[in-house]
Amino acid sequence: MKFSGLWLMLILIGGLIPIGATFAQNQSTSEYLGEQNNEEIAGEIINQLTKLSTLVNIRVKPVESRLPENLLKDYDKAKELKEKALTEYQNGNYLQAIQYSLGAMRYYKGILKALEEDEKTPGVLRTQIQEESTRVFAYFTYVEKLIEVAKSKGIDVENLTKAYVEAKTAYVEVLEYIENGNLEEAKISLEKAKQKKMELDIETRDLTTKLTSKNAEMIVKSFLIKTNQSITTAEKAIEYAKSRGRETGEAEKAMEKIKGIYLQVTYLANEGKWIDALRVIGENADYMKNFFMTIEKVKSEKMNTEVFLMMTRERIRKDATALATLRKKGIQTTRAEIQLRGAINEFSIAISLIKKNDVNSAILHLQRANRLLTEVEEFINANS
């Protein structure tokens, strides 16, 4: 038979099962539970206990440091009984679990009642209102900054500014009532102020959406420019590799995916769907990041190689001129000239390898050329 909701309600609100008594005392188990399923009953009660304990924990946590000692002891006792109830339930001792659960619930309900009474005192009301106002004024600071940012981006903030002024004025009024000791008026004024804050929240969310859209537009446009440039660079690299007979199948597949993402973002941007376009970019962020890094590496390597080639070519020219000058002076330059010819040979091989897109091998020959030129230049400096 299913456990009756009415039976559970009677147990919860009436405490039909005495905490200090055992179920075998005077009456049999069947007189309490009839044909009900013990496990089901215990499960339902523990479920209610869990909800009640969560509610109490939320209420106690902010004020625990200033609760009286007797209430803290009750709180600890409630937690102890709850743990016992859970342990007994897990061990299959369902009747004992019910007994401990009801004990814990009585303590929890007593704590709630005490807290509610405490909250009605003038001192607590004053503290609560002041704490609420402190949180809200911190929020106002955030709204002020939001307004400034929106203004700098040319977004209309008239509605938000109006809602902000009204909400702030309302909370200032609450604080004035508190300072004058008029708590009743403060409570009434606080409810009005909360309503004004709700209106401010709506305007704040609206502006945040506009700012997000504005930022999305900027990010998407920047993405499209950068991606278009990178695609152009990548296409040229692929064509160059193909002209040298290199396999480019994988690179071309990757390029097609990049183009697909680019076209999808472009379409959404043309429709003015900046948030959707930003979402597409985000979903493909890792793939695009690797693509951009690869392109930048290619551009960097190309630039560094070109600069090194130019510098090496200039060094060869200067060293050849310097050796000719020393030779005219009667200085023996044969060994240095052989080294210079060796550097020129290594340089020529490197140029040939670069044309074949074999940059790694070219770098090795450029390094050899650099070592030979360094020895030539040491000789020149020693004899100049």
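General remarks:
- Local net charge near Lys257, Cβ-Cβ under 13 Å (Lys/Arg +1, Asp/Glu -1): -3
- The range 303-380: mean projected area of Cα convex hull, nm²: 4.6
- Take the range 36-117 with all the other protein chains still there, run a 1.4 Å probe, and you get 54 Å² of accessible area per residue.
- Spread over its residues, the convex hull of the C-alpha atoms of the range 121-211 is 75 Å³ per residue.
- Under 18 Å from Lys318, Cα to Cα: aspartates and glutamates that are on another chain or at least 8 residues apart: Glu337, Glu346, Glu375, Glu377, Glu378
- Accessible surface of the range 121-211 [probe 1.4 Å, protein heavy atoms]: carbon and sulfur percent: 53
- Proximal aspartates and glutamates relative to Lys162, as straight alpha-carbon distance under 13 Å, when same-chain residues fewer than 8 apart are discounted: Glu144, Glu199, Asp201, Glu203
- Atom-type composition of the exposed protein surface of the range 303-380 places 57 percent of the accessible area on carbon and sulfur (1.4 angstrom probe).
- Pair Glu173, Gln367: separation of 7 Å Cα→Cβ label points (nm): 7.9
- Heavy-atom accessible area per residue - the range 121-211, 1.4 Å, Å²: 59
- Local charge for Tyr267 was computed over the other residues whose Cβ lies under 11 Å away, with Lys and Arg +1 and Asp and Glu -1, and equals -1.
- Set of lysines near Lys82 by C-alpha distance (under 21 Å), chain-local residues within fewer than 8 positions excluded: Lys51, Lys61, Lys73, Lys109, Lys113
- Charged-residue dipole, Cβ positions (Lys, Arg, Asp, Glu), the range 121-211 about Cα centre, Debye nearest 20: 300
The values are calculated or read from the model by the stated rules, or taken from the named source; none is laboratory data. The model shown is predicted, which means the values in this text are computed figures rather than measured ones. Cβ sites come from the backbone with ideal geometry, for glycine too, and all protein chains shown count toward neighbours. Calculation scope for accessible area: heavy atoms of the full protein, side chains included, ligands and nucleic acids excluded. Shrake-Rupley method; radii C 1.70, N 1.55, O 1.52, S 1.80 Å.
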